[in-house]
Amino acid sequence: MRNNSVRKSRACIRPEISRTGMTPEGKKGASRGLFFTQHLAKIVVNDVFTNFTKLDLSYLFKESYDNAFLENVYSAPVISLKELPWKFQSLDSKAMRIQYKTLKEYLQIAKYLKIMRDFKEGVSRTAYFGVVTCFFYGKRIYVAPDRDTWQGYDPKWEASQTDMEIN
């Protein structure tokens, strides 16, 4: 879904509830085991039944979801990576935002938060409008592009093998 030829300007939101788990065979996937131990092996399948046919999921339609998502992201308090270790606990907000403008800034943030740093055609893993959502000690973190300068995915953004190694 991150390849331009497949994406065709479409997007896919990822579920908060994992519908699949990882098995040892996952090491043989598209990443050839590159991220398996550090990230993918930790994915577990949800074991609590949810009857999605009984839920009102209309908020997931693109015209509703995009506006609500971007409002949540860009109304969250901004915190710098340098401030994160000590300031995040003092914020009352359940979510906060760390902004990036460059590939280098994004990779530094991703490394600190231990989120995957790979790109396909300029799209980072799980990104939606350039925003990657993760959790840091129970608080939602939006790693988001600067809204005033972001002009869409840049296919030249690719992390080198060195950038992706976990240190």
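Nothing in this text is a laboratory measurement; each read-out follows from the coordinates by a stated rule. Here the structure is a predicted model, which is why all the values come from computation and not from measurement. Positions of Cβ are generated from backbone atoms using ideal geometry, with glycine treated the same way; all protein chains shown enter the neighbour counts.
Here are the numbers for the structure shown:
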read-out	value
Exposure proxy order (Cβ contacts within 10 Å, fewest to most) of Tyr142, Tyr137	Tyr137, Tyr142
Rounded to whole Hz, the Karplus (6.51, -1.76, 1.60) HN-Hα couplings of region 55-67, x for glycine and proline	9, 7, 9, 4, 5, 8, 4, 3, 4, 8, 4, 4, 4
For region 140-146, Karplus couplings with θ = phi - 60° (6.51, -1.76, 1.60), whole Hz, Gly/Pro x	6, 10, 9, 8, 10, x, 4
Other-chain or far-sequence residues with amide H under 5 Å of Phe136's (modelled H)	Ile141
Amide H partners (placed H, <5 Å) of Ala159, local residues excluded	Phe119
Amide proton proximity set for Val78, modelled H, under 5 Å, gap of 5+	Arg97
Fewest-first sequence of Glu63, Glu158 by Cβ atoms within 10 Å of each Cβ	Glu63, Glu158
Residue-by-residue Karplus 3J(HN,Hα) for region 84-101, coefficients 6.51, -1.76, 1.60, Hz, glycine and proline x	3, x, 10, 8, 4, 6, 7, 7, 6, 5, 7, 9, 8, 10, 10, 9, 9, 10
Principal axis dimensions, region 45-134 - Cα atoms, whole angstrom, descending	44, 37, 31
Restraint check, Lys62/Lys139; Lys62/Lys101; Lys104/Lys139; Lys62/Lys120; Lys62/Lys156; Lys87/Lys156, Cα-Cα greater than 30 Å	Lys87/Lys156
